[in-house]
1. Taking the options Tyr322, Tyr314, Tyr363, name whichever one is among the aromatic types (Phe, Trp, Tyr), without any contact (Cβ under 8 Å) to a residue 40 or more places away in the chain and in a helix (DSSP H, G or I).
2. Just to verify a result, which residue in segment 66-88, among those that are charged (D, E, K, R) and not in a helix (DSSP H, G or I), is farthest from the chain's Cα centre (by Cα)?
3. Looking only at segment 140-163, how many residues end up being touching a helix residue (DSSP H, G or I) at 6+ places or on another chain (Cβ under 7 Å) and either without any contact (Cβ under 8 Å) to a residue 40 or more places away in the chain or of a type in the set (Ser, Thr, Tyr) (or both)?
4. Gln243 fails exactly one of the following numbered conditions: (1) closer than 30 Å to Val353 by Cα; (2) surrounded by fewer than 22 Cβ atoms within 10 Å (Cβ to Cβ); (3) in contact with a Phe, Trp or Tyr (Cβ under 8 Å, 6 or more places away or on another chain). What is the number of that condition?
5. Could you pull out the residue among Ala335, Ala237 that is crowded, with 18+ Cβ neighbours inside 10 Å, among the aliphatic types (A, V, I, L, M) and in the same structural domain as Leu47 (by TED's automatic domain parsing)?
6. Does segment 195-206 contain any residue that is within 24 Å of Tyr7 (Cα to Cα), in the same structural domain as Leu223 (by TED's automatic domain parsing) and not hydroxyl-bearing (Ser, Thr, Tyr)?
7. I'm checking my understanding of the structure. Among residues of segment 145-180 that are in contact with a Ser or Thr (Cβ under 7 Å, 6 or more places away or on another chain) and acidic (Asp, Glu), which one is surrounded by the most Cβ atoms within 10 Å (Cβ to Cβ)?
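The values are calculated or read from the model by the stated rules, or taken from the named source; none is laboratory data. None of the values given here were measured: they were computed from a predicted structure. All Cβ positions, even for glycine, are placed from backbone atoms using ideal geometry, and neighbour counts span all protein chains on display.
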Amino acid sequence: MAVRYSYLSQQFENCPELWEELKKFVKTGDFTLGKPLYEFEDNFASLIGTKYAIGVNSGTDALKIALRALGVGAGDEVITAANTFVATVGAIAEIGAIPIFIDVDETFCMDVELLEQAITPKTKAIVPVHFTGYMTKMDKVMDLAKKHKLVVVEDACQSILAEWKGKKAGTWGDAAAFSLHPLKNLNVWSDGGIIVTNNPLLDKEIRLLRNHGLINRDTVEILGYNSRLDTFQAVVANWLLPQAVAISHKRISNAKRLDDAFNKIAEIKVPNRINDMRIVYHLYIVFAERRDELLKFCLNRGIEAKIHYPIPIYKQKALGNYYNLMQFPVTDHQAQNVISFPCDQHLNDLQLVEITNSVKEFYSL
């Protein structure tokens, strides 16, 4: 039995009410900064629990614009995790800032015990990455940020509705970035992103930056970006948003079933599921002996397992030799040993069993 990774064909195969909404919307011609976008922003802010939400064209731009709005710029150091997707680092670099990496811990997120020693007089910001659906231990981050007068932008692109100690991802820092990429837990039909904050002045600045710095059609207050979330995509997002909580519950339920089965396989190590943390499993990751052989076996069986990510960002060619000389042993260990399996809300019971039975069969050969 094949088990696909992408669920998009199932998610949107039977949604006549969405098509009706799109047909109505197209007739309005309200394509740029239209009414459905502002409705989505209000709905998203309510979902997360912040005062403001601002739609932009990607999660990458959400990070970039939030950092710039907070005054981060050329030559400033921004501390982030050594285990992350390139977008985190690209957003920092695009505004001329310098990414400073620290290693991660068992949560796949930055090791907050290493944070203070990375702070220098050039440090301006911290970008904790809530990676895979886990959350950074944000109470420690915020304590250090306050102590050293640093701004915090949460990279929550993979962790919508995750929580640490009962407080949601996106509600801890000065601002937070979310992604609406098609394979995120709350998604649209193209790239999309959204920034949340509780600061009214920051909300105003971000809205300027996402729309060329225009305060009206003819007046440019600051030089900004062309980074509006398409109103068409906001129609899709408004249709899906009421399902967001149920989606997170189903992913958590599926992950528990996989955990229970994998815990019976000696060659698989299930990551620690942290107390006080609501993990939402954008990625379902375990550690596997003979990982590369297992991956090949699963792919040959039609189970679309993946590796996130085999080459850590700090070792990538694009970052040059400077970071490659550094050592981040936990990040390296994870890159060499993790494997990702489908865990989404559209999997059925037989597919979940097929995943775990195939892994069990591999290790019995």
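1. Tyr322
2. This residue is Asp76.
3. Total meeting the criteria: 4.
4. Condition (3) is where Gln243 drops out.
5. Checking each option against the conditions leaves just Ala237.
6. no
7. Asp155
For (1) among the aromatic types (Phe, Trp, Tyr); (2) surrounded by fewer than 24 Cβ atoms within 10 Å (Cβ to Cβ); (3) at pLDDT 95 or above; (4) within 28 Å of Ala255 (Cα to Cα), each residue gets a yes or a no:
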{"position": "Ala91", "(1), (2), (3), (4)": "no, no, yes, no"}
{"position": "Gly96", "(1), (2), (3), (4)": "no, yes, yes, no"}
{"position": "Ile100", "(1), (2), (3), (4)": "no, yes, yes, no"}
{"position": "Val104", "(1), (2), (3), (4)": "no, no, yes, yes"}
{"position": "Phe108", "(1), (2), (3), (4)": "yes, no, yes, yes"}
{"position": "Leu114", "(1), (2), (3), (4)": "no, yes, yes, no"}
{"position": "Thr120", "(1), (2), (3), (4)": "no, yes, yes, no"}
{"position": "Val129", "(1), (2), (3), (4)": "no, no, yes, yes"}
{"position": "Asp143", "(1), (2), (3), (4)": "no, yes, yes, no"}
